Structures are given as C-alpha cells and as structure tokens.
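See below for the structure under consideration.
The values are calculated or read from the model by the stated rules, or taken from the named source; none is laboratory data. Note that the coordinates shown come from a computational prediction; the quantities given were computed from them, not determined experimentally. Here the Cβ positions follow ideal geometry from the backbone for every residue, glycine too, while neighbour counts run over all protein chains shown.
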Amino acid sequence: MTTNKKPSQRDRLRQLFDTQPILRAHELRKAGIGPETIARAVDGGEIDRISRGLYQSTDAEIDTDQALAEAAKRIPKGVIAMLSALAFHGLTDQVPRKIWVAIGNSDWHPSDAYPPTRIVRFSDAYLEQGVEHHEIAGVSVPIYAVAKTLADLFRNPKLVDRSVAIEGLRAAIELRKAKPGEIAQAAIDGGAWKKMKPYLEALTSNG
C-alpha cells in the first residue's frame with residue numbers, strides 16, 4: 001500500500017524559492033510556511049533575510065538592479081520612477097543613493113524600507129501612465145518608460161535638478177531610447193510640455 005506523503009513546510013519553502021528568488025514573509029505565510037521554518041532556513045543558510053519581512057534564496061544570482069526588485073517587493077503599489085528609472089534605462093551616469101518609488105497620494109509605504117527609498121506621490125492620472133514591467137531577479141518590477149520618466153523629471157524641477165532632466169532627454173534622443181514624438185506626447189499627457197518643449201525642439205532642430 002502506497003501513501004502520498006505531504007510535502008513538509010521546508011520542502012514547500014524550497015519549491016517557492018526555486019520559482020522566485022525573492023519573497024516576502026507575507027507570501028511565505030500565505031503558502032503555509034510558519035515563522036519557525038523560515039527561521040530554521042535562515043539559520044541553516046538556505047535563505048537570507050535581506051530586510052525586515054523580505055527573504056532571498058542564497059543560491060539566487062545577484063542582479064545589478066536587484067535593489068529595484070527588493071523595493072518592488074516592499075512597496076507592491078509603487079512604480080520605480082524619476083532618477084532610478086532614468087538610471088535603469090541607462091540615461092544618466094548618476095547612481096541614486098536611494099530607490100525612487102512613485103505611489104498614489106493615499107498609498108501606504110513602509111517607513112523602515114530597505115533598500116533606502118525616496119517616495120514621491122503622484123495623482124492617479126500620472127501614476128498609471130507609462131508603466132512597463134521588467135523581470136529582475138525573478139520579480140516583475142514596474143518601472144516607468146523612458147518618455148514617461150522624462151516627463152516626470154521636467155514636471156518636478158524641485159525634486160530633481162533641471163540639468164539632469166536635460167541630459168536625460170539628450171541621451172534618450174542620441175541613444176534612440178524613445179522617439180521625439182513619443183517623448184512629446186508623454187510630456188503633453190504628463191503636464192510637462194511647456195517646460196520640456198524648448199529643450200526638445202533645440203535637440204531635434206537638426207533633424
């Protein structure tokens with residue numbers, strides 16, 4: 001007589017991390033993994049506690065953009081924005097010291113978030129525009145598209161120096177990361193056209 005042995009919590013934990021290298025404690029609990037099992041896995045070197053309530057498989061390949069994935073896990077309603085989005089798209093040499101994350105005006109975010117984050121609040125109209133999803137360290141990370149990022153930078157000169165926005169715009173055109181028409185439309189939709197127009201026209205005046 002054969003019996004179907006139910007997988008142990010430790011087995012289920014391994015299976016979960018095989019499919020997704022970064023998981024939140026909430027996701028593990030939802031899958032029936034108790035805190036004792038999680039603690040034993042950490043003590044045994046199977047997983048790492050990379051921040052409060054966030055765990056990673058010790059065998060996971062480290063991605064240079066992994067901090068973006070960690071931020072996406074910590075702030076599920078957020079979108080990688082502003083300088084962090086600009087850096088992700090390769091349009092600035094600056095390395096942001098914090099991960100810029102856009103959330104809604106009434107959305108909650110963790111106060112002790114790791115990695116360090118810079119929260120910006122957008123109205124729903126701006127929050128939902130131009131969102132792309134990129135696979136990073138096994139996580140689908142929402143990141144604003146190039147044109148949308150440029151519009152946000154020009155719309156918010158008090159948050160980011162205008163020179164950064166101009167250099168990002170120049171790089172986007174030179175590297176052909178976005179077409180001028182696409183950038184202009186995003187600026188119109190994003191309430192930044194008046195501020196961006198003279199710079200875009202100057203950079204594209206020679207064809």
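Checked against (1) surrounded by 21 or more Cβ atoms within 10 Å (Cβ to Cβ); (2) within 16 Å of residue 83 (Cα to Cα); (3) modelled with pLDDT of 95 or more, residue 187 passes all but condition (2).
Scan region 112-140 residue by residue and report those that are over 29 Å from residue 19 (Cα atoms) and not basic (Lys, Arg).
The initial filter retains those residues of region 112-140 that are over 29 Å from residue 19 (Cα atoms), namely 118-127, 129.
Once the filter is applied, which keeps residues that are over 29 Å from residue 19 (Cα atoms) and not basic (Lys, Arg), region 112-140 yields 119, 120, 122, 123, 124, 125, 126, 127, 129.
Determine whether residue 175 is surrounded by 15 or more Cβ atoms within 10 Å (Cβ to Cβ) and either on the phi < 0 side of the Ramachandran plot or without any contact (Cβ under 8 Å) to a residue 12 or more places away in the chain (or both). Considered against the rule, which asks whether it is surrounded by 15 or more Cβ atoms within 10 Å (Cβ to Cβ) and either on the phi < 0 side of the Ramachandran plot or without any contact (Cβ under 8 Å) to a residue 12 or more places away in the chain (or both), residue 175 comes out as no. Considering only residues in region 159-175 that are within 22 Å of the chain's Cα centre (by Cα) and either outside the structural domain of residue 130 (by TED's automatic domain parsing) or charged (D, E, K, R) (or both), the one that is nearest to residue 90 (Cα to Cα) turns out to be 167. Candidates in region 176-194 are the residues that are within 22 Å of the chain's Cα centre (by Cα) and in a loop (DSSP other than H, G, I, E, B); of these, the one that is nearest to residue 128 (Cα to Cα) is 190. Can you tell me which residue within region 76-129, out of those that are among the small types (Gly, Ala, Ser) and buried (at least 20 other Cβ atoms within 10 Å of the Cβ), is farthest from residue 155 (Cα to Cα)? Going through the qualifying residues, I end up with 113. Which residue pairs have Cβ atoms closer than 9 Å, lie 6 or more positions apart in sequence or on different chains, and pair a first residue in region 51-67 that is at pLDDT below 75 with a second residue that is buried (at least 16 other Cβ atoms within 10 Å of the Cβ) and part of a strand (DSSP E or B)? Pairs that qualify, where the first residue is at pLDDT below 75 and the partner is buried (at least 16 other Cβ atoms within 10 Å of the Cβ) and part of a strand (DSSP E or B), are 60/22; 63/136. Scanning region 13-32 for residues that are at pLDDT 85 or above and under 18 Å from residue 52 (Cβ atoms) returns 28, 29, 30.
Residues in region 4-49 that are charged (D, E, K, R), in a loop (DSSP other than H, G, I, E, B) and free of Cβ contacts under 8 Å to residues at least 12 places away in the same chain: 5, 6.
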